[in-house]
1. Please go through region 61-77 and pick out each residue that is assigned to a loop (DSSP other than H, G, I, E, B), closer than 19 Å to THR90 by Cβ and either open to solvent by less than 70 Å² (accessible area, probe 1.4 Å) or of a type in the set (Lys, Arg) (or both).
2. Hey, among the residues in region 20-51 that are farther than 28 Å from VAL113 by Cβ and either charged (D, E, K, R) or out of contact with any helix residue (DSSP H, G or I) (no Cβ under 8 Å at 6 or more places or on another chain) (or both), which one's most open to solvent (accessible area, probe 1.4 Å)?
3. So which residues in region 85-107 are over 13 Å from the mean Cα position of the chain (by Cα), within 28 Å of GLY16 (Cβ to Cβ) and hydrophobic (A, V, I, L, M, F, W, C), if there are any at all?
4. Taking the condition touching a Cys at 6+ places or on another chain (Cβ under 8 Å) and either at pLDDT 95 or above or surrounded by fewer than 14 Cβ atoms within 10 Å (Cβ to Cβ) (or both), does GLU6 pass?
5. Out of all the residues in region 9-19, which are surrounded by 13 or more Cβ atoms within 10 Å (Cβ to Cβ) and not in a strand (DSSP E or B)?
6. Filter region 78-102 for residues that are β-branched (Val, Ile, Thr) and over 17 Å from GLY10 (Cα atoms); which is most open to solvent (accessible area, probe 1.4 Å)?
7. How many of the residues in region 103-115 are within 28 Å of SER27 (Cβ to Cβ) and either assigned to a helix (DSSP H, G or I) or open to solvent by less than 40 Å² (accessible area, probe 1.4 Å) (or both)?
Amino acid sequence: QVQLVESGGGLVQAGGSLRLSCSASGSLFRISTMGWYRQPPGKPRELVATITSGGDTNYADSVQGRFTISRDNAKNTVYLQMNSLKPEDTAVYYCNQRFPTGSYWGQGTQVTVSS
């Protein structure tokens, strides 16, 4: 059973930065696609960014140029560096690990950006 544990969320003022981390259990981290999703209050969950096993990245238009996803296969960890944060970035952020056979989710971490 894969376990994903997010950390790094919190309260920050607009224009500030946060770095989220997600640590994954198991030995297959390096072959998985990792992603960050978020769910703003009252809205459905949405894609933020993904990174493949080969390091290819994909970003939502709303975060392009402000957020950076990266991974450290030696530490089984994926990161999301969030800069120039805006109040509309307020959401619960979820880590996702995807394999051809299925995907797994973390429990989420709250990010709140005050204006």
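1. SER62, VAL63, ARG66
2. Filtering first and then ranking leaves ARG30.
3. Correct list: LEU85 only.
4. yes
5. GLY9, ALA14, GLY16
6. THR101
7. Total satisfying the criteria: 3.
The values are calculated or read from the model by the stated rules, or taken from the named source; none is laboratory data. In this text the structure is predicted, and so the values were computed from the model without any measurement. Because the Cβ atoms are built from the backbone with ideal geometry, glycine has one as well, and the counts that use them run over all protein chains shown. The protein model used for the area step is the full one, side chains on, heavy atoms only, and it has no ligands, DNA or RNA in it. Shrake-Rupley method; radii C 1.70, N 1.55, O 1.52, S 1.80 Å.
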